[in-house]
Amino acid sequence: MMKHRLPATLAAALLLTASLFLATPVQAQKTAPAPPAAATPDRGTAYYHFGLANIYESLATDSGREDYVTQAVEEYKLALDADPDSTYLQTGLAELYFQVGRIREAIEAAQEQIKKDPNNLDAHLLLGRIYLRSLGDGNTPQSGEMLQLAITEYETIVQLQPDSMENHLLLGQLYALNHDSTNAEAQFKAAQAADPNSEEATLNLARLYSDHGDLPRAINILAAVPVTDRSAEMETALGALYDQTHQEKLAIETYRLALDQDPDNSDTRHALAQALLTDQQYDAALTEYNLILAAEPADASAYIRISDIQRHKGQYEDSLATLEKAKTLVHDPLDLNYIHYNEAAADEALDRNDAAVAILTAAIADTNHADGQYTEDEKGNRSAFMENLADVYRQMDKTDDAIAVYDKMIALGGDYAERGYQDEVDTWREVYEWQKATDAAAAAVKAMPKDSTIALVYASELADTGKPDDGIALAKAQLGTNGGKDDRTVHLALSQIYLRLKRWKDSAAELDAAEPLSQKPEDAEYLLYLRGALAERQKHYDEAEADFRKILATDPDSAMTLNYLGYMLADRGQKLDEAHTMIQKAVDDDPENGAYLDSLGWVYFKLGQYALAEETMHKAVARLRTDPTVRDHLGSVYEKEGKLSLAVAQWERSLAASQKSLPADVDPDDVAKVQKKLESAKVKLARESAPAH
């Protein structure tokens, strides 16, 4: 029987290797006696077997045959027999074990090297790589142990090779993975010191600060790099940080710089488009999404965002048509859920409430789990559907149905329960069921006794319904809870309680107490907004206007400020063109906001554009059915149009709503004015209907 023959390539390689020696190893083995243990290393023989080991290793790599691996290992062992103390050969064998997946043997071989020479850098590097690979294999039961082993190896490696940026970077990443931010920061800084131009070191340091919530510091790290030295990846990372800190204009600028370097980066273009959308630059966002679709026509998310833009611009039918395109492309259930949510929102805006209810009810049913167990993403989706469905029911005057939906939302627990309870309170207040609102708040406190937000809701209810001292005491009791983290919120809540009680100085004092706790730009802006509202309630209009204009000087797109100032000016008949511009901008930001629509209708009324005023006021009334001011405004529009009977009906509804309202929500002077208008209109109607003599 013929024995297995070597491949031609191996045979040629063997001949080539053999030609390097004066005598072949085979001859040497036949003629030379075995050397004693302490003999001088036979490096010629070692080199021969090392060469064969390399050949077999190469063949194993090319063919995947296990027998070549075995032969390569054997050749390494023969080489080590000839030169037992060769660090190079020992490391080579350990590397071979590692490359072919014989991890245990690789570890043993490397550890044996380290026993002989604790400062053997190559052996430590090999062990470090082995442990890193094991970490990358997934969440195995030994992953924690492997992480510690990897950290130990790289701690030694950076001592042996202190100038290596890569090793400091790897050790920093391992510390970060082990939630050791202090040591991670030190290693990333060491990496920067080793190579001040290292992009990876800078990005990792910024990412570390970001992961631990120190976003300003993360921004500073990246922004400190000159623009000319920032890569596209760094610009994108910086843009994302600006996004997270709600600095959309800076995010947009930074994303554009990233795209200048890497115009085909789809992720960055998506980020830019979303930032533009968030910043309400709808036309610019639409341009970016169309570019995304030009590059990838099957991008469902782009269609979904385009439908968002169309809905924000009041193009509801177009939005629905775009969503139909998106439906044919989506594969992610989360995207499909978002499509359903947008469909319902568009139908609701078109007063197709029954269609919206059907969509939302089906979406809730489709995401239902019989065991009631949901992931956080699933809870988020279900709560969004539920809140939207309950809102539609409220518009349809189906209060009990809305409350039933909120009860299901409360069952989700946590923040969803907190929002559900607050929504129930708001729903009962909307229909003037004050006792039910208070009972709902009390039930919420009982169910969530440690939740300071819920306690503040109940405190406000108590203060509104004749128990101000109890409400104030409960609110003050929340100061210092949760380590004082909620104190700003508590001070603001107390300010609003005092505002509604017309205790102006106390309200202002609480705003003063909140000021040093309002370090974020958006917090400082909201505090200034509340100061403006407090001044307006006291009829200090110039002071209020000054506060609101300070906000608009730094945030010209603040919709709530634009609406408040615009309405305040319009109601007093001042700067009507500017007031219209402000309010229109607020409505463009949120076309379905009933308060904004009421303001827009009222400025049209003040401008004498009664047809537009009526059209807009109808939309406002559809969303704020029980608001006495909105009913009064619509009545005034009807009167100017000569529709006295319709005006009377609206004023009667306004007065009925005022009678049910809380004292804090009613200005007696305004009620008296409505009463006078109603009586005057009734007299006119009586005259018109009286028979001629």
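The values are calculated or read from the model by the stated rules, or taken from the named source; none is laboratory data. What you see is a predicted model; the values in this text were computed from it and never measured. Every residue, glycine among them, receives a Cβ derived from its backbone with ideal geometry; neighbour counts consider all protein chains shown.
Is it the case that the stretch 158-168 has a residue that's in a helix (DSSP H, G or I), surrounded by 18 or more Cβ atoms within 10 Å (Cβ to Cβ), charged (D, E, K, R) and modelled with pLDDT of 85 or more?
no
Can you name the condition, by its number, that Ile221 falls short on among (1) more than 26 Å from Asp122 (Cβ to Cβ); (2) surrounded by fewer than 20 Cβ atoms within 10 Å (Cβ to Cβ); (3) in contact with a Ser or Thr (Cβ under 9 Å, 6 or more places away or on another chain)?
It is condition (2) that Ile221 fails.
Among the residues in the stretch 414-421, are any under 20 Å from Glu592 (Cβ atoms), within 24 Å of the chain's Cα centre (by Cα) and of a type in the set (D, E, K, R)?
Yes, there is a match, as at least one residue in the stretch 414-421 is under 20 Å from Glu592 (Cβ atoms), within 24 Å of the chain's Cα centre (by Cα) and of a type in the set (D, E, K, R).
Given the conditions (1) over 20 Å from Leu126 (Cβ atoms); (2) modelled with pLDDT under 90; (3) assigned to a helix (DSSP H, G or I), and given that Asn139 satisfies all but one, which numbered condition is not satisfied?
Unmet for Asn139, out of (1) over 20 Å from Leu126 (Cβ atoms); (2) modelled with pLDDT under 90; (3) assigned to a helix (DSSP H, G or I): (3).
Hey, any hits in the stretch 627-645 for a residue that's over 23 Å from Val587 (Cβ atoms) and among the hydrophobic types (A, V, I, L, M, F, W, C)?
The answer is yes; a qualifying residue exists.
For a quick check of your reading of the model, give me the residue pairs whose first member lies in the stretch 665-682 and is surrounded by 15 or more Cβ atoms within 10 Å (Cβ to Cβ), whose second is hydroxyl-bearing (Ser, Thr, Tyr), with beta-carbon atoms closer than 7 Å and at least 6 apart or on different chains.
Qualifying pairs under 7 Å: Val666/Ser658; Val671/Ser658; Val674/Ser654.
Here are some residues: Glu288, Glu248. Which one is within 24 Å of Glu522 (Cβ to Cβ) and not polar (S, T, N, Q)?
Glu248
Of all residues in the stretch 656-692, how many are in contact with a helix residue (DSSP H, G or I) (Cβ under 6 Å, 6 or more places away or on another chain) and among the hydrophobic types (A, V, I, L, M, F, W, C)?
The qualifying residues number 9.
Quick check on Asp451: is it closer than 25 Å to Asp407 by Cβ, free of Cβ contacts under 8 Å to residues at least 60 places away in the same chain and among the acidic types (Asp, Glu)?
yes
Considering only residues of the stretch 628-660 that are farther than 17 Å from Lys684 by Cβ and touching a residue at least 40 places away in the same chain (Cβ under 8 Å), which is surrounded by the fewest Cβ atoms within 10 Å (Cβ to Cβ)?
Lys660
If you check Tyr541, Tyr498, Tyr526, which single one turns out to be under 27 Å from Ala455 (Cβ atoms), over 26 Å from the mean Cα position of the chain (by Cα) and of a type in the set (Ser, Thr, Tyr)?
Within the list Tyr541, Tyr498, Tyr526, the selection yields Tyr498.
The conditions are (1) in contact (Cβ under 8 Å) with a residue 12 or more places away in the chain; (2) not in a helix (DSSP H, G or I), and Gly101 fails exactly one of them. Which is it?
For Gly101, the failing item is (1).
So that you can scan it fast, the table gives a plain yes or no per residue for (1) surrounded by fewer than 22 Cβ atoms within 10 Å (Cβ to Cβ); (2) within 25 Å of the chain's Cα centre (by Cα); (3) hydroxyl-bearing (Ser, Thr, Tyr); (4) farther than 23 Å from Met396 by Cα:
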residue	(1), (2), (3), (4)
Glu317	yes, no, no, no
His331	yes, yes, no, yes
Ala344	no, yes, no, no
Leu350	yes, no, no, no
Ala362	yes, no, no, no
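Counting only residues that are over 29 Å from Ala586 (Cα atoms) and not in a helix (DSSP H, G or I), which one in the stretch 308-332 is modelled with the lowest pLDDT?
Asp332
Can you tell me how many residues within the stretch 169-199 are surrounded by fewer than 18 Cβ atoms within 10 Å (Cβ to Cβ), assigned to a helix (DSSP H, G or I) and not small (Gly, Ala, Ser)?
Result for the stretch 169-199: 5.
When the stretch 394-415 is examined, which residues are found to be of a type in the set (Ser, Thr, Tyr) and crowded, with 22+ Cβ neighbours inside 10 Å?
Tyr406
Just the residues that are surrounded by fewer than 19 Cβ atoms within 10 Å (Cβ to Cβ) and of a type in the set (Phe, Trp, Tyr), please, taken from the stretch 530-578.
Within the stretch 530-578, just Tyr541 meets the criteria.
For the stretch 461-499, which residues satisfy the criterion of being within 19 Å of Ala442 (Cα to Cα) and among the hydrophobic types (A, V, I, L, M, F, W, C)?
Within the stretch 461-499, Leu462, Ala463, Ile472, Ala473, Leu474, Ala475, Ala477, Val490, Ala493, Leu494, Ile497 meet the criteria.
Quick one: how many residues across the stretch 319-329 are among the small types (Gly, Ala, Ser) and surrounded by fewer than 18 Cβ atoms within 10 Å (Cβ to Cβ)?
1
If I filter the stretch 365-373 for residues that are surrounded by 20 or more Cβ atoms within 10 Å (Cβ to Cβ) and touching a residue at least 12 places away in the same chain (Cβ under 8 Å), do I get at least one hit?
No, the stretch 365-373 has no match at all.
Have a look at Glu378, Glu387, Glu418 and point out the one that is of a type outside the set (A, V, I, L, M, F, W, C), assigned to a helix (DSSP H, G or I), in contact with a Lys or Arg (Cβ under 8 Å, 6 or more places away or on another chain) and surrounded by fewer than 21 Cβ atoms within 10 Å (Cβ to Cβ).
Going through Glu378, Glu387, Glu418 in turn, just one is of a type outside the set (A, V, I, L, M, F, W, C), assigned to a helix (DSSP H, G or I), in contact with a Lys or Arg (Cβ under 8 Å, 6 or more places away or on another chain) and surrounded by fewer than 21 Cβ atoms within 10 Å (Cβ to Cβ): Glu387.
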